[in-house]
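**Student:** Here it is, the structure, as structure tokens.
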Amino acid sequence: IQTVILCVACAILYGCGYSLAPRGESIDSRIQKIYVDVFENRTSQAEVENYVRTAFVNQFIQNSRFRVVSGAENADAIVRGTILNLHTSTVAHRKNDLAAAERVTVIMAVVFEDQVNGSTIWSQKDMTDSVDYALSQDINLIANMRKQALMKLANDMAEKAFNLMMSGF
């Protein structure tokens, strides 16, 4: 009898359709090929648009629901966006009043569009996130530390946007 109860419990648990990660069930099944367009950069920070685009491409590659294509003409849907603002602020100081840590905050707009009918599948106009990072006392390393922080932030924001797209929010 214990075996029967265990089997019924497993069937209920696995048969309910519950999953931990959204897989884009709300997106039309004909949409299979995705193109991630170049993001517009309205900030003074060079190359941030490349970090963001790469992060979005990687999110779609990691998900087996879609295939990333190299051109908009081959895509069923397009992801595009604009980096609206990038702000860096000091969050910690050393004893000599030099910055020990900074926070970089990015605001961007992202749109996921159906290429066939031009309808918006998902969009967010003011997606905001930030990351804190330590600064080295060696000024020669600061640029690389900022770059690493921006890449992490781009990955975090792409993951957040992707999960929202897939869950239909």
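The values are calculated or read from the model by the stated rules, or taken from the named source; none is laboratory data. In this text the structure is predicted, and so the values were computed from the model without any measurement. So basically every Cβ, Gly included, is an ideal-geometry build from the backbone, and we count neighbours across all protein chains shown. Each accessible area value is taken on the protein alone, full model and side chains, heavy atoms only, with ligands, DNA and RNA left out. Shrake-Rupley method; radii C 1.70, N 1.55, O 1.52, S 1.80 Å.
**Student:** Explain nothing, just compute: Karplus ³J(HN,Hα) = 6.51 cos²θ - 1.76 cosθ + 1.60, θ = phi - 60°, for every residue of the stretch 113-120 in order, whole Hz, x for Gly and Pro.
**Tutor:** So the J values, rounded to whole Hz, are 10, 6, 6, 6, 10, x, 7, 8.
**Student:** Another question about this same structure. Counting heavy atoms of the protein chains only and a 1.4 Å probe, report the per residue accessible area for the stretch 73-126 as a whole number of Å².
**Tutor:** In whole numbers, the stretch 73-126 has 54 Å² accessible per residue.
**Student:** Return the carbon/sulfur percentage of the accessible area of the stretch 77-135, one whole number, probe 1.4 Å, all protein chains in place.
**Tutor:** It is 46 percent, rounded to a whole number.
**Student:** May I ask which of Lys33/Lys160; Lys33/Lys147; Lys95/Lys152 have a Cα-Cα span longer than 26 Å here?
**Tutor:** Long pairs (Cα-Cα over 26 Å): Lys33/Lys147; Lys95/Lys152.
**Student:** Could you give me the ³J(HN,Hα) list for the stretch 145-160, computed from phi with Karplus coefficients 6.51, -1.76, 1.60 and θ = phi - 60°, whole Hz, x at Gly and Pro?
**Tutor:** 5, 5, 4, 4, 5, 5, 5, 5, 4, 4, 5, 4, 5, 5, 5, 4
**Student:** Let me ask something else about it. Please list, by residue number, every one of the trypsin sites (Lys or Arg not before Pro) in the stretch 39-131 that is coil in DSSP and has at most 12 other beta-carbon atoms within 10 Å.
**Tutor:** Arg94, Lys95
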